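Chemist: Before we start, here is the structure in question, set down as structure tokens.
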Amino acid sequence: MGFMSSFRENLGGWIRKIFKKKRARIGLYGPPNAGKTTLANRILKDWSTGDAIGTVSPIPHETRRAMRREGLVINANGSSIELDIVDTPGMATKIDFKEFMAFGLSETESKKRAKEATEGVIEAIKWLDDLDGVLLVMDSTEDPYTQVNVTVIGNMEARKLPLLIVANKMDLPNASPSRISAAFPQHSIVPISALEGSNIDDLYQAIATHFG
Amino acid sequence: MILMREVHMDLISEEKLENMTSMEKIRLILDKVKTGKIVVLESGLTPDEEVRLIEMTMTEIRVDEFSGIEIESYPSKKGGSFLDRIFGKGLKGRMTVIGPANQIHTIEKDEFQIRTKVSVGD
């Protein structure tokens, strides 16, 4: 990165901090099946009258196109923030169609899904250039040290954009948000269950604080 | 009788990486990994290079030929001088292991250690 472009990027970061926006475009990122679409649907249910943003499924890469909803007003901490939320396809470094066949899809369906999933990952990466911040959704029952998590966090730190980690699936018995806190101690973490809605108000307060 | 199989591993020094552009690094990694080699980068990639590597990997996935990569690195480390940090050069890449997804599997990873298993076979 050249001196001037690096300087411009950092200057942009300082200006953003000084003149805090009341409207922010936030991307939901994370590995496949972390619960990004479940969370996006929960946010929409709580703060809009519109339809769900997407369908959820136990088969990985159910979301293969980024979906955006504009103008969601979230009230928390006595203030309000207007959000555009972008539910992005799950990020991955490998996609093998045989993985989908194990869920009962035919070979043809699996190959089609694999092709669309690769396009979805590219789309998720392209969206990083157009966001004001990221909600990184992690499955609290899984090892947090995945390369997807490390890469998304590294990119947000390099761009000096705000990041909030959502430790999802707290409704499951083996959920361990403390593993996530230990892995990424420099970032704020909110444990929730997007499925059941537990602790969701804490997330809205954190969103207002981080992105407002 | 025990059959000995080979694992081809390329360890690339920080000096070599410093003299390459991002695109050259990504092309070098993918060309090696697609032929079944494991690549170890002494100083790793920048966060932007990591994401571009994933992007390029997605465009090269082919059914029954190449299903992607396994990449393991540690979280970025803040470093450099005060001026480096001001101008956004404070994040240092760290040692990174990259291999074909069907050959390299992570056993355990934490802040200080990456344990991987390399499968050798067909």
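Chemist: In this structure, does residue B:48 turn out to be closer than 21 Å to residue A:125 by Cβ, modelled with pLDDT under 95 and assigned to a helix (DSSP H, G or I)?
Modeler: Taking the combined requirement at face value, the residue satisfies it.
Chemist: Please indicate, with yes or no, whether at least one residue in region A:43-62 is of a type in the set (A, V, I, L, M), under 21 Å from residue A:210 (Cα atoms) and surrounded by 21 or more Cβ atoms within 10 Å (Cβ to Cβ).
Modeler: The initial filter retains those residues of region A:43-62 that are of a type in the set (A, V, I, L, M), namely A:43-44, A:52-53, A:56, A:59.
Within this subset, residues satisfying the condition of being under 21 Å from residue A:210 (Cα atoms) are A:43-44.
Next, only the ones that are surrounded by 21 or more Cβ atoms within 10 Å (Cβ to Cβ) stay: A:43.
Yes.
Chemist: Restricting the search to region B:59-101, which residues are modelled with pLDDT of 70 or more, surrounded by fewer than 17 Cβ atoms within 10 Å (Cβ to Cβ) and polar (S, T, N, Q)?
Modeler: B:59, the sole residue that qualifies.
Chemist: Just give me the residues in region A:110-141 being surrounded by fewer than 14 Cβ atoms within 10 Å (Cβ to Cβ) and away from chain B (no Cβ under 11 Å), in sequence order.
Modeler: A:130
The values are calculated or read from the model by the stated rules, or taken from the named source; none is laboratory data. Note that the structure is predicted; figures quoted are calculated from it, not measured. No Cβ is skipped: glycine too gets one built from the backbone with ideal geometry, and neighbour counts run over all protein chains shown.
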